[in-house]
Amino acid sequence: VPYRANPVAHRDKGLNYDTGTRRQNYSSLPFTHPHVRARLEKHMGSNLVRLTDKTYMTQLEERIRAVNEENLNKRISSRVLDEMERLKRLILVGKTPLKECPPELFHHPVFVFWRMVNREVAKASKKRADAYYRKLKASQKFDQAIEEEVEDEPADEEGEQLTPEQLLVKCAKELQELKQADIDKGFRFTDEQFAVLKYETNEVKTLKSLTTVEELYALADKIIGTKRL
C-alpha cells in the first residue's frame with residue numbers, strides 16, 4: 001500500500017527561495033505522486049517503494065541527502081561566480097582598487113595587463129623624478145658655487161665706495177678700453193678711418209651747402225629724379 005501523508009499538509013505550498021517562485025512541499029506528497037515517482041526513479045533507478053526494507057530506506061535517505069548537498073554546493077558555486085563577476089566589474093569601472101583583487105582574479109588577462117601598465121607608469125614616474133632630482137642638485141651646486149665666488153672676492157673691493165663722478169669716469173674708461181680692443185681686433189674703425197669712408201658725390205656735397213628751399217628742391221629732384229612713391 002503506498003504511503004500517503006496528511007491531506008492538509010499535502011495541499012500546503014511553500015516559497016522556493018532560490019528561484020523566487022512558489023513550489024510544492026514534496027515531503028508531504030504521496031509516493032504515487034508523479035513528481036515523487038520521477039524523483040524516486042531518478043535517485044534509486046526504480047519508482048517501486050519498499051517501506052519495510054530498512055536498507056532501501058537508508059539508501060534512499062542517503063541519496064536524498066547527497067542530492068541536496070550537491071544542489072547546495074552548485075548554488076554556492078553559482079553565487080561565488082556571481083560575486084566574482086560583480087567584483088570584477090567594480091574593479092574595471094574604478095569603484096574598487098586593484099589591490100583588492102581576489103586571488104581568483106589575479107591571473108585574469110585584464111588585471112595582468114593592468115599590472116603591467118602600472119609597472120610601466122611607475123618606472124616612467126621614477127625616471128622623471130630622478131631627472132628632476134638631478135636638475136635640482138645641479139642647480140643647487142651652481143648657486144652654491146656662485147655664493148662661494150662672491151665670498152672669495154677681496155675685502156678691499158667690497159669696502160670700496162665710489163662717488164657718482166668716479167663711477168662715470170670708470171665706466172667711460174672701460175668703454176674706451178673695449179672700443180680700443182675692437183679696433184685692435186679689426187672689428188671697429190677709428191674716427192679718422194670712418195671720416196674717410198664717406199661715399200658722397202659732388203652733387204650731395206653741393207646739396208649740403210645750399211641755403212634756399214627752391215635750390216634744395218631743384219637739386220634734390222635732379223639727384224633723385226622724377227620718380228615718387
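The values are calculated or read from the model by the stated rules, or taken from the named source; none is laboratory data. Computed from a predicted structure; not experimentally measured. Quick reminder, even Gly has a Cβ in these numbers, built from the backbone with ideal geometry, and neighbours come from all protein chains shown.
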Check your understanding: Does residue 193 satisfy the condition of being within 60 Å of the chain's Cα centre (by Cα) and modelled with pLDDT under 80?
Key -> no
**Study point:** Among (1) of a type in the set (A, V, I, L, M); (2) within 57 Å of the chain's Cα centre (by Cα); (3) modelled with pLDDT under 80, the one test that residue 178 misses
**Key:** (3)
Study note, to complete from the structure: Restricted to region 42-79 and to residues being β-branched (Val, Ile, Thr) and surrounded by fewer than 11 Cβ atoms within 10 Å (Cβ to Cβ), the residue farthest from residue 98 (Cα to Cα) is 52
Review point. Which condition breaks for residue 99 when tested against (1) part of a helix (DSSP H, G or I); (2) surrounded by 10 or more Cβ atoms within 10 Å (Cβ to Cβ)?
Key: (2)
Review point. Does residue 88 satisfy the criteria of being among the charged types (D, E, K, R) and exposed (fewer than 10 other Cβ atoms within 10 Å of the Cβ)?
Key: no
Exercise for review: Check region 131-150 and report whether any residue there is of a type in the set (Asp, Glu), at pLDDT below 85 and within 22 Å of the chain's Cα centre (by Cα).
Suggested key: no
